[in-house]
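Q: Got a structure for you, written out below as structure tokens; questions coming shortly.
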Amino acid sequence: MSMLAVGCGGADTVSELEIDNAWARPTPAESSVAAVYLSVTSPVADELIAASSTMSTSASLHATSAEGADDEGSHSHHGGASSEMVMSETELKLEPNSTVELVPGGLHVMLEGLRRRLVEGESFELVLTFREAGRRTVVVDVSTNEPVDE
């Protein structure tokens, strides 16, 4: 699944920022957090400076430490004692014409204070704000499996 995020930007190239494969795993009823994964490609140098969703009370960029990862680097976001959530020290920096992947076991957007559980097959909106490209709204699919680009 590929989508072009649309928003108000100054130059035509800024408006070509692409956000692809936005997804999150279903959550148990008692969970108050969820991780969102996606990829971002910007034609210009840019930074992700904020995130929000009506699905949660807050959203921020997080990273999962390498400590406790299995051989594939995957982590549990719902209580795995060996994985540690640490907040990213800086905003997500985008180099011109490079893709940044937010993936399980690495960088991700952490939704905190979920208003309800995430259910397989549903979707919700996530608003990402970039320094140059401005606000972009993307649809996040709730799925057990990571989406495959076709």
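The values are calculated or read from the model by the stated rules, or taken from the named source; none is laboratory data. Not measured: the values here are computed from a predicted model. Here Cβ is always computed from backbone atoms with ideal geometry, including for glycine, and neighbour counts include all displayed protein chains.
Q: When residues of the range 96-128 are filtered for being closer than 30 Å to GLU16 by Cβ, outside any strand (DSSP E or B) and among the aliphatic types (A, V, I, L, M), how many remain?
A: 2
Q: Against the conditions (1) under 18 Å from ASN145 (Cα atoms); (2) modelled with pLDDT of 55 or more, where does SER74 fall short? Just the number, please.
A: (2)
Q: Looking at the range 110-136, which of the residues that are of a type in the set (A, V, I, L, M) and within 13 Å of the chain's Cα centre (by Cα) is farthest from GLU95 (Cα to Cα)?
A: Among those that are of a type in the set (A, V, I, L, M) and within 13 Å of the chain's Cα centre (by Cα), it is LEU111.
Q: Still on this structure, please answer the following. Could you tell me which of the residues SER82, SER98 is of a type in the set (S, T, N, Q), at pLDDT 90 or above and loosely packed, with under 15 Cβ neighbours inside 10 Å?
A: On inspection, the qualifying residue turns out to be SER98.
Q: Another question about this same structure. Restricting to the range 101-126, name every residue that is small (Gly, Ala, Ser) and surrounded by 13 or more Cβ atoms within 10 Å (Cβ to Cβ).
A: GLY105, GLY106, SER123
Q: Continuing with the same structure: What about ILE49, is it at pLDDT 95 or above and out of contact with any Phe, Trp or Tyr (no Cβ under 6 Å at 6 or more places or on another chain)?
A: No: the conditions fail for ILE49.
Q: For the range 107-150, what are the residues that are at positive phi and free of Cβ contacts under 8 Å to residues at least 24 places away in the same chain?
A: Hit for the range 107-150 is GLY121, nothing else.
Q: Picking from SER2, SER15, SER39, which residue would you name as being among the hydroxyl-bearing types (Ser, Thr, Tyr) and modelled with pLDDT of 95 or more?
A: After ruling out the rest, the residue left standing is SER39.
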